[in-house]
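A short worksheet on the structure shown next.
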Amino acid sequence: MNLSSKPTEARIDVWVPDGGGPGSWAPLIRARGAGFGGDAVDIAAAGRTESAQHVLLGEQADRSRAGSRRYLRNRCRSWNVAWRMTTKSTDGASVPLLDAARTAAKQAAVEAAATERDRRITGVSAAAARAAGAFALGVRRSDGGIEADLSTRVRFLAELGRGCPSTAWVAATNLEAKRVLQIGTSDEAYADAFRDVDSVVCSSARPGTAVREPGGLRISGRWSYASGCELAEWAILSVQLPGEGDRPPQPAAVFARTRDLTIDRDWHMAGLCGTGSHTLVGDDVWIPDSHRLDLPRIAAALSNIAIAVGLFAPLWGAARGALDIVVDVLAKRTSPNPAHPTLADSPGARRNLAVAAHKIDTAERRMLGIAAAVDATQPGEVLAAEERARLRMDLIAAVRECRSALEDLLDLHGSTGLDSSNPLQRYWRDFAVGSRHVQFTSHVVEEDYGVLLLGINEAPSAML
């Protein structure tokens, strides 16, 4: 699998502004080694000299990579300096970050049944995801986040999804919500929202109502599909501003503290139950003007295909998690053909496994290819409509390949794969629900591509 990157030397860099203008940095701390706690290296920081071993591991002697990252970030804040972490392999994949995702996935997998039962991510899974950096993936480095590129974000979410698709889905929706806040908020609101880079932000596109008052808005409504809302400190909410005179009602978006809202726990779905995508309810909630979002700026800066492939990554993880289960079972399961002691001894079963695995591999290549194409664009560059349509078609093909592979794997495993205690059926259900998200509406994507191919004078859909 491409996600299983070979070991490589890890590096941590901590940087401070060097006076050369915005985006100009000079190194403060540099440490190298197989992990974050390698040989001691002298570092100068705010007039003091310490060792990398001490800074990275700290008095708490936390030798986990995620814990070290968190300790380092907090230590840098105590020195009142900005920081940036770089942990890249030669192929651009953030190896320690992916290792952290795999560790979190294992913990989330143990909690997955409870996550589904409770219709929210358990505290253990949330803590594991947070420690791995799942909720800081897209936050700018200058604010203490990871600021991973799309390819790395997709790899991370895919790995996390192999353990628990619901946990990875909340991480994915949080990532996009935070990117919206970074693009569309005032400086005052931004500082308020990103005081803790590991906090969770949920969102809902279902519109509520708003009434203008001096200095802000009063909003009311029911905002459904708010994934992770019980973990979230903030919520991005859509509202409709009333018309004035000849001006029709206008769409708007705000962000509010979830403590000012209530939650109607109405998320009862066949899959992705643990996302806790319940409904937020507000009645006359005060929103200052500083907490309104700049929709035109957001629309101009966000890539819809990037959002879509980011949501697909947890679903690919579900398909890969299902493959993990079936591979483990084949050597133990008795074959219905008496000529073969186990399914692993059956040439037909091995062939069916290979076909399912190849579909998942192909979907992975499509997913990473889409992410790489987006990463290759320059700031301010917009891919041509035809290219965006082709990438969308690739994504729909990846969805279909994973869906077909899951059916193949269930056939191979047999009816016990659908037992309520078997994780295989949960992966299957999670994929079935997640792949019906509006971002994966195949007939709209195909219609857009057909219109562009034929040069028909018809505007493509908003999905493009």
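The values are calculated or read from the model by the stated rules, or taken from the named source; none is laboratory data. Everything quoted here is computed from the prediction, not taken from an experiment. As a convention, Cβ positions derive from the backbone with ideal geometry for all residues, glycine included, and neighbour counts pool all protein chains shown. With ligands, DNA and RNA removed, areas are computed over all heavy atoms of the protein, side chains included. Shrake-Rupley method; radii C 1.70, N 1.55, O 1.52, S 1.80 Å.
General observations
- Screening residue 210 against (1) under 17 Å from the mean Cα position of the chain (by Cα); (2) among the small types (Gly, Ala, Ser); (3) surrounded by 23 or more Cβ atoms within 10 Å (Cβ to Cβ); (4) closer than 23 Å to residue 224 by Cβ leaves a single unmet condition, (1).
- Which listed residue, of 272, 293, is at positive phi and either without any contact (Cβ under 8 Å) to a residue 12 or more places away in the chain or open to solvent by less than 80 Å² (accessible area, probe 1.4 Å) (or both): 272
- Within the set 371, 389, the sole residue that is over 22 Å from the mean Cα position of the chain (by Cα), surrounded by 14 or more Cβ atoms within 10 Å (Cβ to Cβ), closer than 20 Å to residue 310 by Cα and touching a residue at least 60 places away in the same chain (Cβ under 8 Å) turns out to be 389.
- From the list 113, 128, 168, the lone residue that is over 13 Å from the mean Cα position of the chain (by Cα), crowded, with 24+ Cβ neighbours inside 10 Å and in a helix (DSSP H, G or I) is 128.
- The residues on offer are 416, 377, 362, and the sole one that is assigned to a helix (DSSP H, G or I) and at pLDDT below 95 is 416.
- Residues located in region 149-165, provided they are within 18 Å of residue 368 (Cα to Cα) and either aliphatic (A, V, I, L, M) or outside any helix (DSSP H, G or I) (or both): 149, 150, 154, 157, 158, 160
- Residue within region 303-310 that is of a type in the set (A, V, I, L, M, F, W, C), surrounded by fewer than 15 Cβ atoms within 10 Å (Cβ to Cβ) and out of contact with any Gly (no Cβ under 8 Å at 6 or more places or on another chain) present: no
- One residue stands out among those in region 419-450 that are touching a Leu at 6+ places or on another chain (Cβ under 9 Å) and outside any helix (DSSP H, G or I): the one that is least open to solvent (accessible area, probe 1.4 Å), which is 435.
- Beta carbons closer than 6 Å, at least 6 apart along the sequence or on distinct chains, pair a first residue in region 203-226 that is aromatic (Phe, Trp, Tyr) and at pLDDT 95 or above with a second that is in a strand (DSSP E or B) and surrounded by fewer than 19 Cβ atoms within 10 Å (Cβ to Cβ) for 223/206.
- So residue 327, is it at pLDDT 95 or above and open to solvent by 40 Å² or more (accessible area, probe 1.4 Å): yes
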